[in-house]
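The values are calculated or read from the model by the stated rules, or taken from the named source; none is laboratory data. Since the model is a prediction, treat every value here as computed from it, not as a measurement. When we count neighbours, we look across all protein chains shown, and the Cβ atoms used for this are built from the backbone with ideal geometry, even at glycine. Each accessible area value is taken on the protein alone, full model and side chains, heavy atoms only, with ligands, DNA and RNA left out. Shrake-Rupley method; radii C 1.70, N 1.55, O 1.52, S 1.80 Å.
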Amino acid sequence: MGKLDGKVSIVTGAGSGIGRAIASLFASEGSRVVVVDVNDDGGKETVNKIRNNGGDAMFIHADVSKAGDCENVVKETVRHYGQLDILINNAGIDLPKAKPSADFTEEEFDRVINVNLKGAWLMSKYAIPEMLRRGKGVIVNIASVAGIRPLPLAMPYSVSKAGLIMLTKSMAVEYGNRGIRVNAVAPGWVSTPMAVRAASAYGATYEDFTKMFLQRIPLGRFADPTEIARVVLFLASDDSSYMNGAVVVVDGAISLA
Ligand code: NAP
């Protein structure tokens, strides 16, 4: 028996890193998974990995910052699988260069907010009516500890994740009594391509960057994407049936150090 037997899940940004780990784990727990990404190669690779392990998945290309794409993802999911139980808003981007707030361009600010915050709202906007129709559903937003405590020289990213945490709480309050639970996970550093890009945004090699941060992480290492995925599985499954509006920090205690 899988923890998600009979469920249908959408995972955005599932062509890489944390999203791929979530999609793979969900499939191994019995969910049919819709892999959503702007990166077609990455998305298709995730689907192939799931199918090779005996799971059921399909890929839909979508840019979550575009309303039409998000609407299409939900429509295609229901058309293909007949239902939607779980939405994981994981797609996210970082900034190409770390700098103080006043130095960011309007385009840089808009892009990060549009993908990380507006994208999660748009996906939820189209998923929620489908969940309400069946009287149940779960949404998990992948925020960041940067949304709780500012990441140095990355204001738009931190602001987008703080907004995502408030989106989580707002929707939890609005839809809890109609059968939809909404929670967030706030990871610290996770070993993914985004973490590698973050090193170069700070003008450091990945080796120097990890060395610098490892000293500040009480657990002494970056997380593996599967360690985030396991917490997301808990929030998506009935094991967390009384959790709603929570922000679960999964950061090796870096935010306390
Ligand atoms: P990742 O390896 O870069 O994966 C993100 C995926 O999302 C990529 O495949 C990316 O495609 C895709 N994507 C980007 N913009 C998109 C859009 N507009 N629509 C649909 N898909 C889009 O990053 P990750 O580290 O796994 O991060 C996943 C989530 O965790 C993000 O929300 C991130 O902010 C959050 N997070 C990460 C860390 C960390 O240390 N890695 C820590 C805290 C929180 P492209 O590759 O083509 O851009």
* Structure fact -> Label model pair Arg197, Ser241: point-to-point distance (7 angstrom along the Cα→beta-carbon line) in nm is 4.0 nm
* Structure fact -> Straight-line reach check, Lys97, cutoff 18 Å on alpha carbons, 8 or more apart in-chain or any other chain, hits among lysines -> Lys161
* For the chain, with only Lys/Arg (+1) and Asp/Glu (-1) charged at the beta-carbon, what is the dipole magnitude about the Cα centre, in debye rounded to 20? -> 500 debye
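Any idea what the relative contact order of the chain is, in percent, if you count C-alpha pairs under 8 Å spaced at least 6 apart? Write down the numbers at each step before the final one.
Working: 525 pairs, mean separation 49.8, N = 257.
Here the relative contact order equals 19 percent.
Skip the ligands, DNA and RNA, and give the accessible area per residue of the chain with a 1.4 Å probe, whole Å². Show your work: numbers first, answer last.
Values: 11600 Å² over 257 residues.
Result: 45 Å² per residue.
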* Near the amide H of Ala223, under 5 Å away, which other amide H atoms are found, from residues 5 or more places off or on another chain, if H is placed in the peptide plane? -> Trp189, Val190, Ser191
* **Options Ser65, Gly42, Tyr126, ranked by Cα towards positive dipole end of the chain, top entry (Cβ charges)** => Tyr126
* Carbon and sulfur together cover what percent of the accessible area of the chain at a 1.4 Å probe radius? -> 53 percent
* Asked: Picking from Leu151, Gly15, Pro187, whose Cα lies most toward the positive end of the charge dipole for the chain (charges on Cβ: Lys, Arg +1; Asp, Glu -1)?
  -> Pro187
* Cα Rg, Dmax, the chain, angstrom units -> 17.3, 53
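Which length gain, in nm to one decimal place, applies between Met166 and Asp208 when the Cα-Cα distance is subtracted from 0.36 nm times their residue separation?
11.8 nm
Could you work out the relative contact order of segment 1-147? I mean the mean sequence separation of Cα pairs under 8 Å and 6+ apart, divided by the number of residues, in percent.
Working: 258 pairs, mean separation 34.8, N = 147.
Reported relative contact order: 24 percent.
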* **the chain: DSSP helices with Cα axial extent of at least 15 Å and average Kyte-Doolittle hydropathy no lower than -0.5** => 17-28, 119-134, 155-175, 225-236
